[in-house]
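Report on the following structure.
The values are calculated or read from the model by the stated rules, or taken from the named source; none is laboratory data. The structure presented is a predicted model; accordingly, all values stated were derived computationally and were not measured. We place every Cβ from the backbone using ideal geometry, glycine too, and count neighbours over all the protein chains shown. SASA here: full protein model, heavy atoms, side chains in, ligands and nucleic acids out. Shrake-Rupley method; radii C 1.70, N 1.55, O 1.52, S 1.80 Å.
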Amino acid sequence: KRGNNTFYLDFGEGIPLVASNLILAMPRKCLSSIKSASLAEPEVQRMIQSVQPQPFFKLFLCYDQVWWNKSLTGRSITTLPIRQCYYWQIDEETGRAVILFYDDGSNPEFWSSILNRDRDSDVQDTWVGNRVPDNVKLEAHRQFAKLQDVDPDMVPKPYAASCASWSSESKFGGGVNFWLPKVDSEEIVDAIIQPIPDTRLFICGSAYSNYQGWVEGALETADSMLTKKFGLKPFLSPLESLKIHATNLSNKVDRVYFDLFVAAEEEPSDQEADKAWKNIYHSEEKKVEKSSVSWDGIGFVLEAQAKELSSVHSTQDGDYSSVGNTPMKISFNLVKLSRNLFGVVLPSRRRETVQKYETTAYNLLDKAQSAAEVFKNSKVTVNFTSS
């Protein structure tokens with residue numbers, strides 16, 4: 001409860017704690033379990049209930065020897081409850097291997113039904129704490145063998161297994177939260193940080209972010225809360241928090257293409273630009289909807305590529321850091337798709353580029369501080385924001 005700009009936190013044990021600022025870094029189910037008049041306010045509840053928890057499940061099987069095709073790498077997908085199967089690297093010395101199964105959607109509930117209910121309520125911190133009973137281990141082995149089209153009794157069984165189950169019955173209500181239909185996520189992301197304007201109550205975490213299910217979402221909302229509400233300097237780089245939003249797209253433009261290029265060492269001269277820029281396999285396409293298109297997560301892509309391509313060095317005090325100043329070029333292509341008289345896109349016809357715009361990635365930081373870039377030919381306003 002709160003009173004006189006002070007929060008009183010009663011955990012049911014001992015003397016209640018007192019706080020002048022209260023930060024709740026929690027998903028929906030945890031927030032809903034707190035008894036508080038502040039959280040019970042209708043507007044706050046509207047924001048808290050704007051997401052839906054989704055169950056997740058991971059299970060690891062350990063084998064003394066590989067009995068499946070050793071050339072298998074990456075991932076296999078099946079309609080069996082193991083759903084996604086990841087082939088991890090085989091230990092060259094021992095020949096042992098680990099298989100990871102990863103489930104979402106309705107499949108986690110299958111595993112919850114055969115796990116001990118008490119065991120399913122929490123994910124422990126250690127492998128031993130998450131070990132599964134034999135019936136679960138053998139069922140996962142049976143399904144994996146079926147995926148490989150072999151008799152499960154004719155191949156070696158796993159010697160160990162462990163799982164992490166974020167079911168609907170767990171304390172978090174699931175492993176991730178997703179926006180409900182028709183929710184204005186942009187409005188919620190900004191408002192829920194401080195859901196009651198005159199109260200020092202704050203909510204952050206990936207559940208109410210632009211990157212639900214990823215640690216980047218938790219970092220983004222925490223950074224936004226600390227900079228906007230506590231006056232701290234951002235711990236995310238300006239490039240990481242970059243957002244691009246194009247509006248007022250005319251009927252000339254159907255799609256917007258975004259391409260990222262880099263120069264390995266230094267920005268090439270105009271004469272060498274075509275040869276020196278290296279395409280680093282990152283390209284995105286956005287369909288124009290309601291005269292708008294956005295790239296909210298592009299900053300993380302730019303920063304990640306900068307760090308990947310930059311040299312890693314050690315300072316005198318042993319602190320390793322990435323040099324995030326690799327020159328990068330971004331390219332926007334505003335495209336009109338060729339259509340017939342009935343409005344159907346003609347796949348055999350070439351796309352018509354209405355307008356193209358290029359700049360270097362770090363120059364975007366200047367754009368974030370200045371006026372929007374206007375694409376005159378296509379009547380598009382592009383805003384670069386770093387918030």
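On a full-extension model of 0.36 nm per residue, what is the gain between Ser36 and Gln124, subtracting their alpha-carbon distance, rounded to one decimal in nm?
Stretched out fully, the Ser36 to Gln124 stretch lengthens by 28.9 nm.
Ignoring ligands and nucleic acids, what accessible area does Thr73 show with a 1.4 Å probe (Å², nearest 10)?
110
With θ set to phi - 60°, apply the Karplus curve 6.51 cos²θ - 1.76 cosθ + 1.60 along segment 49-55 and write out the HN-Hα couplings as whole Hz, x wherever there is a Gly or Pro.
My calculation for segment 49-55 gives 8, 7, 10, 10, x, 10, x Hz in order.
What Kirkwood hydrodynamic radius do you get for segment 56-166 when you take the inverse of the mean 1/r over all pairs of distinct Cα atoms, in Å?
Over segment 56-166, the inverse of the mean reciprocal pair distance is 14.2 Å.
Just to verify a number: what accessible area does Cys204 come out at with the full protein assembly present, 1.4 Å probe, Å² rounded to tens?
10
Under 5 Å between amide hydrogens, which residues at least 5 positions from Leu24 or on another chain qualify, with H placed 1.01 Å from N in the peptide plane?
Hits under the 5 Å cutoff: Phe202, Ile203, Cys204.
Can you run phi through the Karplus equation (6.51, -1.76, 1.60; θ = phi - 60°) for segment 181-198 and list ³J(HN,Hα) in whole Hz, with x for Gly and Pro?
x, 6, 7, 7, 5, 4, 5, 5, 3, 7, 7, 6, 4, 9, x, 10, x, 9
Using a simple spin-label model with points 7 Å from Cα along the Cα→Cβ vector, what separation in nm is obtained for Ala160 and Leu180?
Rounded to a tenth, the inter-label distance reads 4.3 nm.
Along segment 212-229, what does the Karplus equation 6.51 cos²θ - 1.76 cosθ + 1.60 (θ = phi - 60°) give for ³J(HN,Hα), rounded to whole Hz, x for Gly and Pro?
4, x, 10, 4, 4, x, 5, 5, 4, 6, 5, 5, 5, 5, 5, 7, 7, 9
Of Lys58/Lys157; Lys58/Lys228; Lys29/Lys182; Lys70/Lys137, which ones are farther than 27 Å apart at the Cα?
Result: Lys58/Lys228 exceed 27 Å.
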